[in-house]
């Protein structure tokens, strides 16, 4: 089975084209090596998936040709204990740290821009 199709079926990516892009950009490593989207996946392969700050280290447990439900997709891989603990630690850190621009939801209004310009021009 192709690695891009497996990543899509395991629900790591919404579309196969997104999975292909991630593989092409080197965000997916199979057995610690860069591969192409058409590379074949076997049961027992170690796959590293980088999605933003998150890095998944998983072993392929099952091959399915079709995309199923999330519960079925979770049976397709086994996450390594190190990866699981690291992801949980990152989630804990994100929960306690606030994003500096979290209160900014949209572009500033005309009044807010004038106030910002007044502050920066002084």
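The values are calculated or read from the model by the stated rules, or taken from the named source; none is laboratory data. Fair warning: this is a prediction, and the values are worked out from it, not measured in the lab. Don't worry about glycine lacking a Cβ; one is built from the backbone with ideal geometry, like all the others, and counts go over all protein chains shown.
Descriptive notes on the structure:
- Residue in region 69-84 that is in contact with a strand residue (DSSP E or B) (Cβ under 7 Å, 6 or more places away or on another chain), loosely packed, with under 11 Cβ neighbours inside 10 Å and outside any loop (DSSP other than H, G, I, E, B) present: yes
- Residue, nearest to residue 90 (Cα to Cα), within region 51-61, restricted to residues that are touching a strand residue (DSSP E or B) at 6+ places or on another chain (Cβ under 8 Å) and touching a residue at least 24 places away in the same chain (Cβ under 8 Å): 55
- When residue 99 is tested against (1) modelled with pLDDT under 90; (2) loosely packed, with under 10 Cβ neighbours inside 10 Å; (3) in a helix (DSSP H, G or I), only condition (3) is not met.
- Within region 25-50, being at positive phi and out of contact with any strand residue (DSSP E or B) (no Cβ under 6 Å at 6 or more places or on another chain) holds for 32, 44.
- Residue 22 being under 25 Å from residue 94 (Cβ atoms), assigned to a helix (DSSP H, G or I), at pLDDT 90 or above and in contact with a strand residue (DSSP E or B) (Cβ under 7 Å, 6 or more places away or on another chain): yes
- Region 9-37, residues that are under 12 Å from the mean Cα position of the chain (by Cα) and touching a residue at least 24 places away in the same chain (Cβ under 8 Å): 11, 12, 22, 27, 28
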